[in-house]
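Chemist: Just dropping this structure here.
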Amino acid sequence: MKFSIHLHGFVLASVASAYWLPETLDGVKTCVVPKNETGPDDTPNIVKTTVECGDHSRVIFEKGLTYSLWTPLQLKNLSNVEFVFNGNMSLPDNVSYVESVVADTSIYPGRWINFQGTNVTLTGSNDSQEGWFIGHGELWWPGGAVNSVNKGRPHFFSIKVDYLRARCLKVWKPVAWVFSMGGSYVWMTDTLIDARSDDGFPFNTDGIDMSASHSLIDGFTIYNGDDLINVSPPTTNVTVRNMYSSGGHGVAVSCASGAGGDYLFENAVVEDSLMGARFKGALGTTCDLRNVAWRNFTIRNTSYPIHFIENYVDQEKGLPPGRNVSLAAYATNFTWENFVGQTGESLRDGSCISDPCWSATLGDSTDKGVYLLCADADHCKDFHFNNIYLKAYGGRPAEMECTGLNGVTGMGVACTNSTIVMS
């Protein structure tokens, strides 16, 4: 039996059995993780149960229980294992304690929950009260600007799996970065991340930092304060579709070094956000990125619906000394297709803690829906804009900002620096 994942420009064919789907198999060993009855930390029991259950197994977290991860969870060398999250998983609700753990490299590997192996399935719950990964970000966010540079914040997940099947995962109030996705052949569906904040901005609550090639993300809902996803070289062959994003910084691609491409982002609603379809090339570095498309986007109340820049600088780090600012990314065969919506009332959000704001862009205005700031014509080739229907916040047709950096003219891209007229 085979299935096919249709990606940008080609087909990824894979044998279904390469993904660990225990419900289709006989003789799978099942183990239930017990709660720790003598202390607050359930991590040792999780590790012990997983090791004892072994390969070709299903590890179940019981419904109605919340498992507390007072120490980071590391599950390595997994092979043909499913984890079924019928119960909840919670990080500690003590900020100073978590900061102390993050500072201790002997127990903190860079992420709080770590999966590594081959043929792993992560199955969440369809019950709205069960199967949550709880981060307690609401305890951190009131710190405001101080929180944005707090090195004691935990990254949530590291998943380095070849042939990962992840379904119905739900994350509640992550402190910051959620999924770091490595390995290859990821098939992730129906994911929910809720990082809405009533007190303070949820800095750096990125949904997915994607470095897993040959992968499909299908069905992703996120309320947060940063990118829904960021994909970058050397990653290749990634499709992300059927997305909803609120409050964030867009569906993003970045390029700082190496080569990659074949990324497709389609069927998205982005609202009440800072960015929509986003590209950020790191200033003073170079890379090669090809075949990227954003299509079928509905944009509402979003400051920068289409935002392509090659002079991105991290506001917390600034431009490194001696950086050669003449270097930029090479972007080839980029497409923006079927966009409809309106810009936002403001050009900033709660992440703006510098003056000028980190997101300030040449010529920015609530009248503009498309920004294309490229080093020169050699760095931006074969760009396509089709069926772009964007309005300015006041209801007028949105305008464009299309500029070669450092005074370069003759970009070779069909844009007018005036009203958007594309078909």
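The values are calculated or read from the model by the stated rules, or taken from the named source; none is laboratory data. These numbers come from a predicted model, not from an experiment. When we count neighbours, we look across all protein chains shown, and the Cβ atoms used for this are built from the backbone with ideal geometry, even at glycine. Accessible surface areas use protein heavy atoms only, side chains included; no ligands, DNA or RNA. Shrake-Rupley method; radii C 1.70, N 1.55, O 1.52, S 1.80 Å.
Chemist: What are the residue pairs meeting all of these: first residue in segment 373-386, first residue assigned to a helix (DSSP H, G or I), second residue open to solvent by 30 Å² or more (accessible area, probe 1.4 Å), Cβ atoms under 6 Å, and 6 or more apart or on different chains?
Modeler: ALA377/GLY412; HIS379/TYR330
Chemist: For GLU130, only one of the following conditions fails: (1) farther than 27 Å from ASN204 by Cβ; (2) in a loop (DSSP other than H, G, I, E, B); (3) open to solvent by 50 Å² or more (accessible area, probe 1.4 Å); (4) in contact (Cβ under 8 Å) with a residue 40 or more places away in the chain. What is its number?
Modeler: Here GLU130 clears every test but (3).
Chemist: Criterion first (open to solvent by less than 50 Å² (accessible area, probe 1.4 Å), hydrophobic (A, V, I, L, M, F, W, C) and in a helix (DSSP H, G or I)) does VAL84 satisfy it?
Modeler: Numbers: open to solvent by less than 50 Å² (accessible area, probe 1.4 Å): yes; hydrophobic (A, V, I, L, M, F, W, C): yes; in a helix (DSSP H, G or I): no.
Spelling it out, it is not the case that VAL84 is open to solvent by less than 50 Å² (accessible area, probe 1.4 Å), hydrophobic (A, V, I, L, M, F, W, C) and in a helix (DSSP H, G or I).
Chemist: Quick check on segment 173-188. Is at least one of its residues under 17 Å from the mean Cα position of the chain (by Cα), over 23 Å from HIS249 (Cβ atoms), modelled with pLDDT of 95 or more and of a type in the set (S, T, N, Q)?
Modeler: The answer is yes, given that some residue of segment 173-188 is under 17 Å from the mean Cα position of the chain (by Cα), over 23 Å from HIS249 (Cβ atoms), modelled with pLDDT of 95 or more and of a type in the set (S, T, N, Q).
Chemist: Let me ask another. So in segment 94-114, with the set limited to residues that are under 12 Å from TRP140 (Cα atoms) and among the hydrophobic types (A, V, I, L, M, F, W, C), which one is least open to solvent (accessible area, probe 1.4 Å)?
Modeler: So the first thing to find is which residues in segment 94-114 are under 12 Å from TRP140 (Cα atoms), and the list is 94-96, 98-99.
If we keep only those that are among the hydrophobic types (A, V, I, L, M, F, W, C) as well, we get 95, 98.
Details: VAL95: 42, VAL98: 4 Å².
Filtering segment 94-114 for residues that are under 12 Å from TRP140 (Cα atoms) and among the hydrophobic types (A, V, I, L, M, F, W, C), the one least open to solvent (accessible area, probe 1.4 Å) comes out as VAL98.
Chemist: Further question: Can you run down the residue pairs with Cβ atoms below 6 Å, 6 or more apart or on separate chains, where the first is in segment 142-155 and under 14 Å from GLY225 (Cβ atoms) and the partner is open to solvent by 40 Å² or more (accessible area, probe 1.4 Å) and aliphatic (A, V, I, L, M)?
Modeler: ALA145/ILE353
Chemist: Would you mind listing the strands (runs of 3 or more DSSP E) fully within segment 168-249 where at least 1 residues are acidic (Asp, Glu) and open to solvent by 10 Å² or more (accessible area, probe 1.4 Å)? Write out each step before concluding.
Modeler: Values: elements: 170-172, 179-194, 208-210, 215-223, 229-231, 236-246.
Answer list for segment 168-249: 179-194, 208-210, 215-223.
Chemist: Answer yes if at least one residue in segment 271-287 is open to solvent by 20 Å² or more (accessible area, probe 1.4 Å), outside any loop (DSSP other than H, G, I, E, B) and touching a Lys or Arg at 6+ places or on another chain (Cβ under 8 Å), and no otherwise.
Modeler: yes
Chemist: Of the residues ASN301, ASN333, which single one is open to solvent by 50 Å² or more (accessible area, probe 1.4 Å), part of a strand (DSSP E or B) and on the phi > 0 side of the Ramachandran plot? Steps first, please.
Modeler: On the way: ASN333 fails: open to solvent by 50 Å² or more (accessible area, probe 1.4 Å).
Being open to solvent by 50 Å² or more (accessible area, probe 1.4 Å), part of a strand (DSSP E or B) and on the phi > 0 side of the Ramachandran plot holds for just one of ASN301, ASN333, which is ASN301.
Chemist: Among the residues of segment 140-148, are any outside any helix (DSSP H, G or I), under 24 Å from THR66 (Cβ atoms), open to solvent by 30 Å² or more (accessible area, probe 1.4 Å) and not basic (Lys, Arg)?
Modeler: Looking through segment 140-148, none of the residues is outside any helix (DSSP H, G or I), under 24 Å from THR66 (Cβ atoms), open to solvent by 30 Å² or more (accessible area, probe 1.4 Å) and not basic (Lys, Arg).
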